[in-house]
Amino acid sequence: MPKNPVSLQKPLDVMRNTIDKNVLVDVRGNRTYSGVLEGYDVYLNLVLRNANEIIGGDVKGVHNRILVRGDNVIFVSPSKGDEQ
Amino acid sequence: MPKNPVSLQKPLDVMRNTIDKNVLVDVRGNRTYSGVLEGYDVYLNLVLRNANEIIGGDVKGVHNRILVRGDNVIFVSPSKGDEQ
Amino acid sequence: MPKNPVSLQKPLDVMRNTIDKNVLVDVRGNRTYSGVLEGYDVYLNLVLRNANEIIGGDVKGVHNRILVRGDNVIFVSPSKGDEQ
Amino acid sequence: MPKNPVSLQKPLDVMRNTIDKNVLVDVRGNRTYSGVLEGYDVYLNLVLRNANEIIGGDVKGVHNRILVRGDNVIFVSPSKGDEQ
Amino acid sequence: MPKNPVSLQKPLDVMRNTIDKNVLVDVRGNRTYSGVLEGYDVYLNLVLRNANEIIGGDVKGVHNRILVRGDNVIFVSPSKGDEQ
Amino acid sequence: MPKNPVSLQKPLDVMRNTIDKNVLVDVRGNRTYSGVLEGYDVYLNLVLRNANEIIGGDVKGVHNRILVRGDNVIFVSPSKGDEQ
Amino acid sequence: MPKNPVSLQKPLDVMRNTIDKNVLVDVRGNRTYSGVLEGYDVYLNLVLRNANEIIGGDVKGVHNRILVRGDNVIFVSPSKGDEQ
């Protein structure tokens, strides 16, 4: 197996480096969550603090803390979370 | 592997710390359950006490105890459960 | 790992304690089964005795014994089964 | 772990005791199969002999032998199979 | 565990005994494949020779050899394949 | 376990023997890919070279190389790929 | 097991050789992502830098970095990413 000649950002490295930062999380069923990433596991289950739930562009719910199940996640965007 | 420099709330830690507290659980198919969390496992199967089933905003059922299968869970919100 | 300070009802404990009692089982596709729980396994496959199948509020079938596949289960309610 | 105080019918026990008997099998997509159970495995893949496929209430196909994939199974009813 | 008192046809036994014989395979999405079974694996991935693809009753494609992914299989019928 | 009396083409054997040959790949969501098979793995993830993406009968995209995720594959047809 | 007589591009080899290059990623639900591949894992979870999200042909979002969950991926096209 050849050596990897380039820098590599493993998906879970990205998650670890995003702890305590804002993230935007898109989920199946047209749902979006934004908040501060508090934790995650290998299934991409996520814990967010001060989270907004956005459905169809409108804030539908505000949660002090929320556990989003990884199965339904489409993407996690650390950068986008900071902008919001 | 670098040390994690920040505090980390693993998803299952959140579940364990929520035992005997109210939770709001959103499930596929437009269903919501609220009640006192009695137990869980690694699949996010949940046991709720004094649970309401809410479909489309209306309370459809009241359950002394209910086992919600983890496969269908979208999110678990400990904070939101306390408000209700 | 800290000790769990509170009483914990594991999902499969709830199943074991419900053996020989009535349960209500909601399944994907708008199906509900009620009957006496005879058995289960870790996949939440369930065996019910004297079971009714309810689709859209109407009893569609009566079964002396039925094996409901766990994959499709949304919730199992021991208490609700007793009421029926 | 406390002893189980009651009789327990494990799902796969039910399958084993149904070998050579009639079963009714409901499958996703509004399909039903009835026939004599010849075999099964832990995935609930089923082998039926002299099987009818019923779609929307009408017999759509007759099969000397058929292997029904477990993934799509909703329920297996041994008793109901005998009535048909 | 009691001895099984009856003859048992395991699903994969049926597959093995069907090698080099005609089969009819129903697949999700209203697709049917008929052809000579050349091989299979434990996932029910199937290899068919001289296969027809039938969609909505019409032959849509003819394949010298085709690998059908097991995930989508609803049933495999050895007997029905012989009739066609 | 009895010996298999007939020739057997395991699904992954078919894949290996198709390397560097044309294939036609049908995927969920009405998508078809044709191209030269460069590689595969046990999940049926596929690498195609000089690949066309066909949606609803029209070529929608041309790709020098494309990795098609195995999860969505319905069938792989080596022979059909040669004809195109 | 016969030796493989031809060159073989394993799916994960393609991913590794695409690090730091542009990719186009099609995802279920009519979503497309283009960007520079920074990382991946065996589940085909992907990390993209300078990523565009395209829904129905329109750029819907721009992300400095995005983690796309592998479960929803339909294809990854390294060549196509370079063209954009």
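The values are calculated or read from the model by the stated rules, or taken from the named source; none is laboratory data. These numbers were taken from a predicted model, which means no experiment stands behind them. Positions of Cβ are generated from backbone atoms using ideal geometry, with glycine treated the same way; all protein chains shown enter the neighbour counts. Side chains included, ligands, DNA and RNA excluded: accessible areas come from the protein's heavy atoms. Shrake-Rupley method; radii C 1.70, N 1.55, O 1.52, S 1.80 Å.
Is it true that E:Ile54 is more than 12 Å from the chain's Cα centre (by Cα), among the β-branched types (Val, Ile, Thr) and more than 13 Å from F:Ile74 (Cβ to Cβ)? So E:Ile54 fits the description; yes. For the subset of the range G:59-76 comprising residues that are open to solvent by 30 Å² or more (accessible area, probe 1.4 Å) and among the charged types (D, E, K, R), which member is nearest to the other protein chains (Cβ to nearest Cβ)? This residue is G:Arg65. One residue stands out in the range F:38-51 among those that are part of a strand (DSSP E or B) and touching a residue at least 24 places away in the same chain (Cβ under 8 Å): the one that is farthest from the other protein chains (Cβ to nearest Cβ), namely F:Leu48.
The number of residues in the range F:22-32 that are assigned to a strand (DSSP E or B) and either at pLDDT below 95 or of a type in the set (Lys, Arg) (or both) comes to 1. Checking each residue in the range B:1-20 for being more than 17 Å from B:Asn45 (Cβ to Cβ), in contact with a strand residue (DSSP E or B) (Cβ under 6 Å, 6 or more places away or on another chain) and either surrounded by fewer than 16 Cβ atoms within 10 Å (Cβ to Cβ) or at pLDDT 95 or above (or both) picks out B:Leu8, B:Lys10. Quick check: is even one residue across the range D:4-21 in a strand (DSSP E or B) and either among the polar types (S, T, N, Q) or under 22 Å from E:Leu12 (Cβ atoms) (or both)? No. With respect to the conditions (1) out of contact with any helix residue (DSSP H, G or I) (no Cβ under 9 Å at 6 or more places or on another chain); (2) at pLDDT below 95; (3) facing another protein chain (nearest Cβ under 7 Å); (4) closer than 21 Å to C:Leu44 by Cβ, D:Ser79 falls short on a single one, namely (4). Total residues in the range A:30-58 satisfying the condition of being of a type in the set (Asp, Glu) and surrounded by 19 or more Cβ atoms within 10 Å (Cβ to Cβ): the figure is 2.
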